[in-house]
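Here the structure comes first, spelled out in structure tokens, and everything after it is commentary.
The values are calculated or read from the model by the stated rules, or taken from the named source; none is laboratory data. Note that this is a predicted model, so its numbers are computed, not measured. Note that we place each Cβ from the backbone using ideal geometry, even for glycine, and neighbour counts take in every protein chain shown. Heads up: the accessible areas ignore ligands, DNA and RNA and are worked out on the full protein's heavy atoms, side chains in. Shrake-Rupley method; radii C 1.70, N 1.55, O 1.52, S 1.80 Å.
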Amino acid sequence: MGADGISVVIPAYNEEQSLGQIVGQALDFSDEVVVVDDGSTDQTAGVAQMAGARVLRQPHFGYISAIKKGFRHSTGRILVTMDADGEHLPFEIPHLVRPIVNGAADLVLGRRQSIARSSERLISRLCRLRVPVYDSGTGFRAFRRSIALKMTFPGVCICGTSVLEAYALGARLVEVPVTLGKTKKPRRIAWKHVFQLFYIGRMLLHP
């Protein structure tokens with residue numbers, strides 16, 4: 001384990017096509033990669049293991065459960081979350097973790113140049129009522145371990161609520177610009193954000 005102890009946590013559901021390359025590249029910039037196979041029905045787990053990841057399996061509980069499990073079973077002082085579909089570029093991990101390494105942040109958000117989903121843009125605008133960040137829904141993040149393990153990640157996804165929760169815990173938040181890889185991820189409205197707005201509203205009204 002290196003001095004900074006960087007663990008990359010990747011939740012994955014049926015991502016056998018892209019995951020092997022992502023794991024291999026992420027290992028070049030971290031001390032370990034932990035893939036949480038969230039009930040995949042393809043060869044996601046086997047591909048991840050062959051690429052060098054430590055694989056944790058769970059039934060299809062969803063992204064938040066996978067993130068929390070990955071955090072608990074990782075070993076790094078800095079925990080990085082990435083998507084399994086190639087949207088986040090592993091060579092940007094050093095750029096993402098630098099503010100934590102330098103002692104300037106506890107949570108670093110990989111700020112996208114543009115936010116495709118209108119529901120995510122709305123969530124980010126609401127969160128800016130309390131926390132001065134542009135992109136509160138990015139999945140490319142670096143956490144100081146001490147903060148990550150205190151977080152409960154309320155809501156149906158991480159958008160907005162995780163930023164508000166980290167801020168309430170006293171975390172210092174920093175954004176750094178990142179580049180997105182090309183994926184086939186759908187850009188339609190995520191209807192789960194309708195429910196997420198309830199959690200965000202409650203957290204804004206009752207900090």
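A few remarks follow.
- Subset of region 109-136 (residues that are over 16 Å from Leu204 (Cα atoms) and surrounded by 18 or more Cβ atoms within 10 Å (Cβ to Cβ)): Leu109, Gly110, Arg112, Ile115, Ser119, Glu120, Asp135
- Residue in region 33-40 that is of a type in the set (S, T, N, Q), modelled with pLDDT of 95 or more and either surrounded by 16 or more Cβ atoms within 10 Å (Cβ to Cβ) or in a loop (DSSP other than H, G, I, E, B) (or both) present: yes
- Applying the condition of being in contact (Cβ under 8 Å) with a residue 24 or more places away in the chain and of a type in the set (S, T, N, Q) to region 26-65 and asking which residue is farthest from Phe91 (Cα to Cα) yields Thr41.
- Scanning region 66-85 for residues that are under 13 Å from the mean Cα position of the chain (by Cα) and touching a residue at least 60 places away in the same chain (Cβ under 8 Å) returns Ile67, Lys68, Gly70, Phe71, Ile78, Leu79, Val80, Thr81, Met82, Asp83, Ala84, Asp85.
- Which listed residue, of Gln25, Gln17, Gln58, is polar (S, T, N, Q) and in contact with a strand residue (DSSP E or B) (Cβ under 7 Å, 6 or more places away or on another chain): Gln58
- Test: residue in region 41-55 that is in a strand (DSSP E or B) and either buried (at least 18 other Cβ atoms within 10 Å of the Cβ) or at pLDDT 95 or above (or both): yes
- The lone exception for Ile67 - which of (1) under 18 Å from Gly139 (Cα atoms); (2) of a type in the set (Val, Ile, Thr); (3) in contact with a helix residue (DSSP H, G or I) (Cβ under 6 Å, 6 or more places away or on another chain) it fails: (3)
- Residue in region 63-74 that is touching a Lys or Arg at 6+ places or on another chain (Cβ under 9 Å), under 28 Å from Pro99 (Cβ atoms), outside any loop (DSSP other than H, G, I, E, B) and open to solvent by less than 10 Å² (accessible area, probe 1.4 Å) present: yes
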